[in-house]
Amino acid sequence: MQIDKKKQKRITLKGLFRNTAPVEKEKDSRPSMPLLKKMATTRELKDVLKKIEYETIPTVRNAWIDYFLEVTKRPKCSED
């Protein structure tokens with residue numbers, strides 16, 4: 001009779017620690033490296049691009065990407 005109580009206790013405790021909601025991974029919203037390479041037209045931007053490629057710390061890498069996008073010159077639209 002004790003075995004049944006142990007099984008019942010184990011089953012009830014097992015249900016307490018279940019993950020109820022599936023964990024969703026964040027979508028990667030970083031620009032792709034080939035796109036950044038096309039945008040790197042100056043020597044400064046190429047140097048920043050190298051730092052982005054070899055950076056291992058994600059927060060520092062994201063900061064370099066933000067800097068790269070701020071410094072990049074945007075093409076002017078032609079007026080009709």
### Query
Mind checking which residues of the range 40-59 are under 16 Å from Val71 (Cβ atoms) and among the acidic types (Asp, Glu)?
Glu44, Asp47
### Query
Got a sec? Which of Lys14, Lys73 is in a helix (DSSP H, G or I) and either surrounded by fewer than 10 Cβ atoms within 10 Å (Cβ to Cβ) or modelled with pLDDT under 65 (or both)?
Lys14
### Test for Thr20: is it at pLDDT 90 or above, assigned to a loop (DSSP other than H, G, I, E, B) and polar (S, T, N, Q)
no
### Task
May I ask you to verify whether Asp47 is at pLDDT 80 or above and among the acidic types (Asp, Glu)?
yes
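The values are calculated or read from the model by the stated rules, or taken from the named source; none is laboratory data. Just so it is clear, the structure is predicted and the values come from calculations on it, not from any experiment. Here Cβ is always computed from backbone atoms with ideal geometry, including for glycine, and neighbour counts include all displayed protein chains.
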